[in-house]
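A short write-up of the structure that comes next.
Read-outs throughout are calculated quantities, based only on the coordinates presented, and are distinct from any laboratory measurement. Every value quoted in this text rests on a predicted model; they were computed, and no experiment measured them. Glycine also receives a Cβ, built like all others from the backbone with ideal geometry; neighbour counts cover every protein chain displayed.
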There are 2 protein chains.
Amino acid sequence: MKEVEEKILACGKVLPGDVLKVDSFLNHQIDVSVMALAGREFHRLFADEGVTKILTIEASGIGIACLTAEQFGVPVLFAKKSRGTNASADFYAAKVASYTHNTTYDVSVSKEFLNAGDRILIIDDFLALGNALRGLIDLAHQAGATVVGCGIVVEKAYQCGGDDLRNAGVRVESLAKIATMDPDAGITFC
Amino acid sequence: MKEVEEKILACGKVLPGDVLKVDSFLNHQIDVSVMALAGREFHRLFADEGVTKILTIEASGIGIACLTAEQFGVPVLFAKKSRGTNASADFYAAKVASYTHNTTYDVSVSKEFLNAGDRILIIDDFLALGNALRGLIDLAHQAGATVVGCGIVVEKAYQCGGDDLRNAGVRVESLAKIATMDPDAGITFC
């Protein structure tokens, strides 16, 4: 999506260690006008899928998920992160490996809000190795819900996460797919 | 605001220990249609204040902040919570006492995104003792920014937080102000 790519080129910073800093518009400060366009694009892409709920993960997925849900007229459910396991009679829980923090955390959602009849669109700001997405898909499947696909703002397409999920049959739509990035040479898109 | 009060009466659960459970529409699952109405109401209330940025705190403030920011056409900045201090050359930080968790945490924002010229509207889902709001106001003042006011979805008006802030000269607008709540007798509004 042109507006997202332009925003990344204008405001993203490539740092050493394969870091793309997008805290000026995506995961600390949020450019709501661009993210509202992203929400409309996700709606265009998944409009025919009978989406009943948007699933995301705290914290930086919540804004874009709400702006997307507004287009669909459905609720947002955000999974919570915790150090220890939250699995209980009341919660679905899944483990997620964090590449950034070199650790593992739990994601969980209340069983009350995910149901077998749900058609879930997963929304998140970032996709690299895909671990968070796999955790969210796991939660949906524990409830017997259908995952219609994943809508991602920025995918590091040179990492394996997105294509691994696509090869496993998950529909993944990313608005900006980064082919290469380098502190000196800059960013190119697929 | 009628729609928020009706939602609380229909879906909120009063639990022993002074707990109002609103995870079905506010802080786990988010009813985006009601929160979009809330965002429009915050815009109506603060439309003449020259707001340049919405400040909130992760995680459950982010959704309502984004739906409000959409009305104003300004960015959202969400403060991050951490256990240890995040104060550094790059961040403003403030300490917040948590009544719920009986502990203290730090909130911080990048100095890059708060400026002396900013006119800040603070948005949050809940107000009880007001500690989180005081932390956010502190961050804005460290940057030399002006806080035009606070927009809150649910205020426990029988606790002191809201009126303490009002008495200190802060404009606090709450869409639902709970006068009394009890597991048996239910909820009344101011």
For the range A:67-122, enumerate the residues that are within 12 Å of chain B (Cβ to nearest Cβ) and among the hydrophobic types (A, V, I, L, M, F, W, C). A:L67, A:A69, A:F72, A:V74, A:V76, A:L77, A:F78, A:A79, A:F91, A:V109, A:F113, A:L114
What do you reckon, is A:K2 in contact with a strand residue (DSSP E or B) (Cβ under 6 Å, 6 or more places away or on another chain) and surrounded by fewer than 21 Cβ atoms within 10 Å (Cβ to Cβ)? no
Applying the selection to the range A:137-156, what residues are assigned to a loop (DSSP other than H, G, I, E, B) and surrounded by 15 or more Cβ atoms within 10 Å (Cβ to Cβ)? A:A143, A:A145
Among residues of the range A:157-190 being in contact (Cβ under 8 Å) with a residue 12 or more places away in the chain and in a helix (DSSP H, G or I), the residue farthest from A:A38 (Cα to Cα) is A:D164
Would you check if there is a residue in the range B:24-45 being surrounded by fewer than 18 Cβ atoms within 10 Å (Cβ to Cβ) and in a loop (DSSP other than H, G, I, E, B)? no
Unmet criterion (only one of (1) hydrophobic (A, V, I, L, M, F, W, C); (2) at the interface with another protein chain (Cβ under 9 Å from one of its Cβ atoms); (3) in contact (Cβ under 8 Å) with a residue 60 or more places away in the chain) for A:L55: (2)
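Test A:L129 against the criterion of being within 16 Å of A:R166 (Cα to Cα) and either in a helix (DSSP H, G or I) or within 17 Å of the chain's Cα centre (by Cα) (or both), and give yes or no.
Judged against the criteria, A:L129 is a match.
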If you go through the range A:35-51 one residue at a time, do you hit one that is of a type in the set (V, I, T), in contact with a helix residue (DSSP H, G or I) (Cβ under 8 Å, 6 or more places away or on another chain) and facing chain B (nearest Cβ under 8 Å)? no
Condition met for A:A79 (more than 23 Å from A:A145 (Cα to Cα), outside any loop (DSSP other than H, G, I, E, B) and under 17 Å from the mean Cα position of the chain (by Cα)): no
Please verify whether A:L20 is over 24 Å from A:P75 (Cα atoms), touching a strand residue (DSSP E or B) at 6+ places or on another chain (Cβ under 7 Å) and surrounded by fewer than 20 Cβ atoms within 10 Å (Cβ to Cβ), treating the condition exactly as stated. yes
Scanning the range B:1-23 residue by residue, those within 22 Å of A:V109 (Cβ to Cβ) and part of a loop (DSSP other than H, G, I, E, B) turn out to be B:G12, B:V22, B:D23
Tell me the residue from B:D48, B:D106 that is in a helix (DSSP H, G or I) and farther than 19 Å from B:L26 by Cα, please. B:D48
